[in-house]
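Input: a single structure, listed below in structure tokens.
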Amino acid sequence: MAAPKVVPKDAQVMTQILKDMGITEYEPRVINQMLEFTYRYVTTIIEDAKIYSTHAKKSNIDADDVRLAIQCRMDQSFTSPPPRDFLLEVARQKNQTPLPLIKPYTGPRLPPDRYCLTAPNYRLKSLQKKVSSSAGRISVPRLSVGAMSSRPSTPTLGTPVSQSVTLTTKVGTPVSLSGQRFTVQIPSSQSSTVKSAMPSTPTVQNVLIKPSLIGSKNILITTSMVSSQSSANESNALKRKHEDEDDYDTL
Amino acid sequence: ASKKMAAVQDGSIKPEPENEIKIETANEVPGNPGDASGGVPPTAPVATEKPAAAATDSTERQTLLAVLQFLRKSKLFESEEILRREAGLLNETGDSQGAGAGGAGLGGGGGADPESGDASSLLSRVAGAVAVAESPNATPAPAKVTGGEDQPDVNVVLAAYSQQGDPVLYPVYYSGLKRFIDSVLDCHRAELSQVFYPLFVHMYLELVYNQYEKEAKAFFDKFHGDQECYYKDDLRILSGLTKKEHMKGNETLLDFRTSKFVLRISRDSYQLLKRHLQERQNNQIWNIIQEHLYIDIFDGMPRSKGQIDSMSGSLAGEAKREANKAKVFYGLLKEPEIEVPLDDEDEEAENEEGKPKKKKPKKDSTGSKSKKQDPNAPQQSRIPLPELKDSDKLDKIMNMKEATKRVRLGPESLPSICFYTFLNAYQGLTAVDFTDDSSLVAGGFADSTVRVWSVTPKKLRGVKTAGDLSLIDKDSDDVLERIMDEKTASESKNLYGHSGPVYGISFSPDRNYLLSCSEDATVRLWSLQTFTCLVGYKGHNYPVWDTQFSPYGYYFISGGHDRVARLWATDHYQPLRMFSGHLADVTCTRFHPNSNYVATGSADRTIRLWDVLNGNCVRIFTGHKGPIHCLAFSPNGKFLASGATDGRVLLWDIGHGLMIGELKGHTDTVYALKFSRDGEILASGSMDNTVRLWDAVKAFDDIETDDFTAATGHITLPENSQELLLGSYMTKSTPVIHLHFTRRNLLLGAGAYNP
């Protein structure tokens, strides 16, 4: 059996605070949360104050540093709503415009697409079934970022046609179709953009395409190798707003 | 700017041995702690400078010089002359008033009114944010000057607190006032006691702002016990506010400062007060009162304590009479005429004998009775409303059919209550809503999910995917059924998307959409056909506490921590209207049945009614003693019921702008209020695990709103809560969060089990 618990002093202080503010019912976790918050807050402030005081080439922290630290934190994390006169002014302006008329029979009334969350968060690129040049060659699906070893062989900037590239990947054998991710060359307008820094890892545009859509057995994998331009491509490509799909490949 | 000159009698208090110079300084002198910094051009509202009563002469001298310089700068040569002359005398007599009379140079081109040679000092007062304070003579305490240099918005506001009077004397002033008010006639005392609380708070805040911590604490300790009990929460917050820096982050208190506390006092009492305070020794209080309080005078009998108590309690005092005078169109919009085809299903009950059914279409008679426009109803086109679609018409027909089967409620026939208890919610249930036809219920949770259940045996289905949709036969009769995907049928659906607890939920009247608002400052629109999120409306930057769809769809309102309520339309990504005016968070927002007005209840304990057309606040209702958590409009649109943390339900007449009833009974926060479908019964649910039914017909029957009442706002509330209470029903330790009357007047309740 443990000795009777002695409540640490800080916790006693918290209890007293709660009592002073008139809060009588609370879960015991609340004390811990308050303590944690206090420690973290005070530590942050003091650290900031230390930074400020060293910046001012003072040897010790003094009240001014602490005050500055508190103020900066307040503006950052503990913002308060705008002042009343500002709100009144904004409200006055907004309330002056008359209510817009409602067009009848417009279907679901939603804001313009870019303000909605209805856009698909994936992108289907048209599959270029380029069988000719690389008939029979089955390439292996690309690997993820880990596959940096892949030869960045074809620089193919700007060629809209899909090119098949074999990657020397770690996996030698083609795997089953199901659940694979295939990349398809983007027939997009590239170029222009940036040949900025070529990222070391070829980022691949991976898209989940239902196997049923892919008729042929020849699966052509093309790298949008143009890794550097891939990011540019994406932005040029279809205007739908979506996030870049993650670059991984699951095998 | 009206200047108020008051002569302050001096000599009553003997100065301390040290030499002190009291100089009335003109306003606009940049605050400077005692040091000479004369010549600095006056800046925007700035606290006045008070000479530091330092022991050293040099400081005084410097201050004098500074003042002289300033006067010269402002071209107040005469005053300067007089001051210069007098300054020579100052060091001799202890109780001379510094600067003589000429010191009062008014910024902004007011002519100073020198009363030269007078031993009394002048007090000049400029209305508005710039307060000129004069130092009363003979203040023994060292005067600290408030620095008004900084100009950010907050400080501009804070600087409205210039120094008024000697801080050490504040307790003296306050006790003096107390003594006076205790000595007046009984009939006046209740009214004049209203002054205590705002005066106390303002004086305390001023002490804090001017950094007189010790004095502030002493002042607080001495007098906070005298205040009314319903201000306890405010006082508690104040007790934690001891430094000037604390005030900066507290928007509510800042607003309290800048807005005038409204008091309604009868003319007789007011005369009494005024006469007393204008006596010389009470000038300070008079100045403070003038600065921070707005006294709305009415002619008539002074109010009794009970009357005052019922109306007071809000953070801004009561409502001025003009605030409640605007015309409000509280009537209902006319129902459109719809042809009601008789169909077979409806006739089942009646035609058991198999008589041939008459298939004559019936005209909807509800709308056609009153051809004339109801004078209290808004025009149909006052605000644009969406047109009635076919599905809406069908819905209305269903509604009417159900209405015929509705149970007529009354004191003799109380509704049955069906209570939905959310189990295993672990105190995370934060919002509930039912659809109008009571087929779906949605719950918002503290883990940021929204869950929709089907109350009827019919399951929830999503719409088929695009591929499948192209395969169905679009011409079939039941195409609406066919678009639903059977594979996705389930009892409940989860909606994920928010990143904070969901505090408000609202179904659209056509059951296609669901709105939810959350602590993550967004309001999300969900489709109930695909059960996905369609739009996130960003506008509030702070938690949003409540949201509601308009009774006609398309519009919705939201109210949050930033103290404004916003009106949105589903197809605009920015709000259409902003209703700003509350002093604290907007905790509850409700549409009027005619969709032209919005009621908002707030943590500043007032309820405001806003006009959707132009965003104006047309009504202010005060009387609650705690933040308001629920509002309900009566179905006829004339009355509003509100419930707050004080456990009372208050009834308001919208047309006249008066409180007409008070329902006491609950012992804890009232979280749910709903009128029955025809307005006969008001149901209220509260944290004390009970649902209470009140007789609404009787409560609204007894109104005698004659001209006098409307003019003065005197109300005498009948103490009839007991008679109005029709029933009180306990749940099994489940606080009631939501109430809903079905179309047939069955009462549904919802809450989370909380053992």
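The values are calculated or read from the model by the stated rules, or taken from the named source; none is laboratory data. In this text the structure is predicted, and so the values were computed from the model without any measurement. Glycine also receives a Cβ, built like all others from the backbone with ideal geometry; neighbour counts cover every protein chain displayed.
Quick rundown of the values:
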read-out	value
Options B:Thr449, B:Thr488, B:Thr522: the member that is over 23 Å from B:Ala750 (Cβ atoms) and at pLDDT 90 or above	B:Thr522
Residue count, region B:716-755 (criterion: crowded, with 17+ Cβ neighbours inside 10 Å and not aliphatic (A, V, I, L, M))	15
All positions within region A:14-66 that are within 14 Å of chain B (Cβ to nearest Cβ), out of contact with any helix residue (DSSP H, G or I) (no Cβ under 9 Å at 6 or more places or on another chain) and within 23 Å of B:Leu238 (Cα to Cα)	A:Gln16, A:Lys19, A:Glu25
Residue match in region A:66-88 (condition: among the charged types (D, E, K, R) and touching a strand residue (DSSP E or B) at 6+ places or on another chain (Cβ under 8 Å))	yes
Region B:235-284: number of residues that are of a type in the set (Ser, Thr, Tyr), without any contact (Cβ under 8 Å) to a residue 60 or more places away in the chain and within 22 Å of B:Ala584 (Cβ to Cβ)	2
Residue that is farthest from B:Phe507 (Cα to Cα), among those in region B:521-530 that are aliphatic (A, V, I, L, M) and not in a loop (DSSP other than H, G, I, E, B)	B:Val523
Elements of type strands (runs of 3 or more DSSP E) in region B:642-755, at least 3 residues being farther than 21 Å from B:Gly623 by Cα and at pLDDT 90 or above	B:690-695, B:725-730, B:738-741, B:747-752
Hits in region A:89-116 (condition: among the hydrophobic types (A, V, I, L, M, F, W, C) and either more than 7 Å from every other protein chain (Cβ to nearest Cβ) or surrounded by fewer than 14 Cβ atoms within 10 Å (Cβ to Cβ) (or both))	A:Leu101
Members of region B:619-637 found to be over 27 Å from B:Thr430 (Cα atoms) and surrounded by 21 or more Cβ atoms within 10 Å (Cβ to Cβ), listed by number	B:Arg619, B:Gly637
Total residues in region B:531-583, condition more than 8 Å from chain A (Cβ to nearest Cβ), part of a strand (DSSP E or B) and out of contact with any Cys (no Cβ under 8 Å at 6 or more places or on another chain)	11
Members of region A:13-46 that are part of a helix (DSSP H, G or I), exposed (fewer than 11 other Cβ atoms within 10 Å of the Cβ) and of a type in the set (Asp, Glu)	A:Glu36
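Matching residues to (1) within 14 Å of another protein chain (Cβ to nearest Cβ); (2) buried (at least 18 other Cβ atoms within 10 Å of the Cβ):
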| position | (1), (2) |
| --- | --- |
| B:Thr435 | no, yes |
| B:Ser439 | no, no |
| B:Gly443 | no, yes |
| B:Ala466 | yes, no |
| B:Asp473 | no, no |
| B:Val479 | no, no |
| B:Glu491 | no, no |
| B:Asn494 | no, no |
